[in-house]
Amino acid sequence: MAVPYATEPPPGHPRPGVLAAGLTGVAIAVGYLAVADPHDRTAIMPRCPLELATGLDCPSCGGLRMAHHLLHGQVRAAARDNLLLVALSPLLLHLVYRLARSLATGERYEVPRRPAAALLIVALAWGIVRNLARWPWKPTLG
């Protein structure tokens, strides 16, 4: 028989198993990305729907290749695949940490509106700049 929780989580707070399942999924994905090369066309990797539909690189295109390079300590190659994501990696990791912490503790965490709006504007500008014909750093394809 399962032992009930001594105290119930706050309303709307997921059970600890949800966080554990999420972290397990992330660990499996990172492990797969460490051993599977996104440059290899035979590797099973998701494709960008915007790129498939339009041929344009979205602001996060090259993110899997970038993460693969970072996992192997190749910062220059990672920057070539997606300079913005490399630059924002510390901030994004902090946001993921805060989200995980809020799930674990039940505290409410929201990204402040102004920084969120600034990130959106930067991402949109990056999506335009990286598709300019003269942009020198095209994502590596293999």
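Can you tell which of Leu23, Leu64, Leu56, Leu19 is at pLDDT 85 or above and surrounded by 13 or more Cβ atoms within 10 Å (Cβ to Cβ)?
Leu64
Is at least one residue of the range 74-90 charged (D, E, K, R), modelled with pLDDT under 90 and in a loop (DSSP other than H, G, I, E, B)?
No, the range 74-90 has no match at all.
Identify, from the list Val75, Val96, Val129, the residue that is over 21 Å from Val26 (Cβ atoms), out of contact with any Phe, Trp or Tyr (no Cβ under 7 Å at 6 or more places or on another chain) and not polar (S, T, N, Q).
Of Val75, Val96, Val129, the one residue that is over 21 Å from Val26 (Cβ atoms), out of contact with any Phe, Trp or Tyr (no Cβ under 7 Å at 6 or more places or on another chain) and not polar (S, T, N, Q) is Val75.
State whether one or more residues within the range 126-133 are free of Cβ contacts under 8 Å to residues at least 24 places away in the same chain and within 30 Å of Leu19 (Cβ to Cβ).
Scanning the range 126-133 turns up no residue that is free of Cβ contacts under 8 Å to residues at least 24 places away in the same chain and within 30 Å of Leu19 (Cβ to Cβ).
For every residue, the table says whether it meets (1) farther than 19 Å from Leu124 by Cβ; (2) assigned to a loop (DSSP other than H, G, I, E, B); (3) of a type in the set (Val, Ile, Thr).
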{"residue": "Ala34", "(1), (2), (3)": "yes, no, no"}
{"residue": "Thr42", "(1), (2), (3)": "yes, yes, yes"}
{"residue": "Met45", "(1), (2), (3)": "yes, yes, no"}
{"residue": "Glu51", "(1), (2), (3)": "no, no, no"}
{"residue": "Cys61", "(1), (2), (3)": "no, yes, no"}
{"residue": "Leu70", "(1), (2), (3)": "yes, no, no"}
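Would you check if there is a residue in the range 101-117 being assigned to a helix (DSSP H, G or I), free of Cβ contacts under 8 Å to residues at least 24 places away in the same chain and surrounded by 14 or more Cβ atoms within 10 Å (Cβ to Cβ)? Show your work before the answer.
Initially, the range 101-117 is screened for residues assigned to a helix (DSSP H, G or I), giving 101-105, 113-117.
Those still in the list that are free of Cβ contacts under 8 Å to residues at least 24 places away in the same chain too: 101-102, 105, 113-117.
Still in the list and also surrounded by 14 or more Cβ atoms within 10 Å (Cβ to Cβ): 102.
The answer is yes, given that some residue of the range 101-117 is assigned to a helix (DSSP H, G or I), free of Cβ contacts under 8 Å to residues at least 24 places away in the same chain and surrounded by 14 or more Cβ atoms within 10 Å (Cβ to Cβ).
Looking at the range 48-76, I want the residues that are farther than 21 Å from Ala36 by Cα and in contact (Cβ under 8 Å) with a residue 24 or more places away in the chain and have a partner that is outside any loop (DSSP other than H, G, I, E, B) and aromatic (Phe, Trp, Tyr) with Cβ atoms under 7 Å, at least 6 apart or on another chain. Which pairs are those?
Note: pairs meeting the criteria are Pro59/Trp126.
If only one of Leu84, Leu93 is among the hydrophobic types (A, V, I, L, M, F, W, C), within 13 Å of the chain's Cα centre (by Cα) and surrounded by 14 or more Cβ atoms within 10 Å (Cβ to Cβ), which one is it?
Being among the hydrophobic types (A, V, I, L, M, F, W, C), within 13 Å of the chain's Cα centre (by Cα) and surrounded by 14 or more Cβ atoms within 10 Å (Cβ to Cβ) holds for just one of Leu84, Leu93, which is Leu84.
The values are calculated or read from the model by the stated rules, or taken from the named source; none is laboratory data. Bear in mind the structure is a predicted one, so any value in this text is a computation, not a measurement. Positions of Cβ are generated from backbone atoms using ideal geometry, with glycine treated the same way; all protein chains shown enter the neighbour counts.
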